[in-house]
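Participant: Here it is, the structure in full.
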Amino acid sequence: MAPNGMQSRLEQRKAKRRQEILTVAAQLFRTRGYEGTTADAIAEAVHLTKSALYTYVGSKEEIAVLLLEDVIHTLLGEAEAIDRMPVSPVEKISRLIVRHVEVVGHHPASSLLFLHSEHMLSPEQYPRLYTWRDRYEGYWRQWIQQAQDAQSIAVTSEKIAGWVILGSINWVIRWFSPTGPLSAKEIGEEFARILTRGLGAGDIVTKGESGHAVD
């Protein structure tokens, strides 16, 4: 049995190698699509045999699930942090719009899987992923309802309002380019301005309140 220090270093190297595999796989999923990317292609891209690849990950589907979990946990962490902030519900909505767009922009392949995984993964993967997704959507609906109760916005359904926001910002993955003229943050700020006003918030969200360049 290896000494504890050596075992720790081996685990660290394995974790680093596994992360490299996930990064490369994400790039392949983005350029070739999930169905068009084989385990052989991933192994070749990271200079491993297919059997060696499976010492780090169990399957191509496991890679996709790990990428999905990373995006969902990142978004949930952002929502939880914003929820603790002493700011208005409208401001929380605005801030999470910006952070959501940034996360999608920085995790393009895994975010694409997040949006379209229903057609890619085996059914047993969905219950856990859907639980996390529902928790995330719950923050949006909670803040929309709180803003509605405070008469800060004017909507008739927090569910529909939440779907409008998420549908809009999720679509960024289809056209955002990190080499484009606007950063993910700048695009998020513009979305925040448009969408919060679309909720009936008017000029409630301003640069002075949120710190975002919304005008």
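The values are calculated or read from the model by the stated rules, or taken from the named source; none is laboratory data. Model, not experiment: these values are computed from the prediction. Please note: Cβ atoms are built from the backbone with ideal geometry, for glycine as well, and neighbour counts cover all protein chains shown.
Participant: Among the residues of the range 81-121 satisfying the criterion of being out of contact with any helix residue (DSSP H, G or I) (no Cβ under 8 Å at 6 or more places or on another chain) and in a helix (DSSP H, G or I), which is farthest from residue 151 (Cα to Cα)?
Facilitator: From the range 81-121, those out of contact with any helix residue (DSSP H, G or I) (no Cβ under 8 Å at 6 or more places or on another chain) are 81, 84, 86, 116, 119; that's our starting set.
Cutting the leftovers down to in a helix (DSSP H, G or I) gives us 81, 116, 119.
Details: 81: 24, 116: 35, 119: 40 Å.
Applying the filter and picking the extreme gives 119.
Participant: From the list 87, 57, which residue is out of contact with any Phe, Trp or Tyr (no Cβ under 6 Å at 6 or more places or on another chain) and at pLDDT 95 or above? Talk me through it step by step, then tell me what you get.
Facilitator: Values: 57 fails: at pLDDT 95 or above.
Every option except 87 fails the conditions.
Participant: Tell me yes or no: at least one residue of the range 200-214 is modelled with pLDDT of 85 or more and either over 15 Å from the mean Cα position of the chain (by Cα) or outside any helix (DSSP H, G or I) (or both).
Facilitator: Yes, the range 200-214 contains a residue that is modelled with pLDDT of 85 or more and either over 15 Å from the mean Cα position of the chain (by Cα) or outside any helix (DSSP H, G or I) (or both).
Participant: Here is a follow-up. Would you mind telling me which numbered condition in (1) small (Gly, Ala, Ser); (2) over 19 Å from residue 141 (Cβ atoms); (3) modelled with pLDDT of 90 or more residue 81 fails?
Facilitator: Only one criterion is unmet by residue 81, namely (2).
Participant: Also, quick follow-up: Residue by residue through the range 81-115, note down the ones that are farther than 21 Å from residue 184 by Cα and surrounded by fewer than 19 Cβ atoms within 10 Å (Cβ to Cβ). Before the answer, list the steps.
Facilitator: Going residue by residue through the range 81-115, those that are farther than 21 Å from residue 184 by Cα are 83-89.
Residues satisfying the conditions are 83, 84, 85, 86, 87.
Participant: Next up: Output the residues belonging to the range 30-52 that are closer than 22 Å to residue 107 by Cα and among the hydrophobic types (A, V, I, L, M, F, W, C).
Facilitator: 39, 41, 42, 43, 45, 46
For (1) in contact with an Asp or Glu (Cβ under 9 Å, 6 or more places away or on another chain); (2) under 23 Å from residue 115 (Cα atoms); (3) outside any helix (DSSP H, G or I); (4) in contact (Cβ under 8 Å) with a residue 40 or more places away in the chain, each residue gets a yes or a no:
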site: 144; (1), (2), (3), (4): yes, yes, no, yes
site: 152; (1), (2), (3), (4): no, no, yes, yes
site: 160; (1), (2), (3), (4): no, yes, no, no
site: 163; (1), (2), (3), (4): yes, yes, no, no
site: 168; (1), (2), (3), (4): no, yes, no, no
site: 177; (1), (2), (3), (4): no, yes, yes, no
site: 180; (1), (2), (3), (4): no, yes, yes, no
site: 189; (1), (2), (3), (4): no, yes, no, yes
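Residues checked against (1) of a type in the set (Phe, Trp, Tyr); (2) touching a Lys or Arg at 6+ places or on another chain (Cβ under 8 Å); (3) surrounded by 14 or more Cβ atoms within 10 Å (Cβ to Cβ):
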| residue | (1), (2), (3) |
| --- | --- |
| 13 | no, no, no |
| 28 | no, no, yes |
| 54 | yes, no, yes |
| 59 | no, no, no |
| 68 | no, no, yes |
| 78 | no, yes, yes |
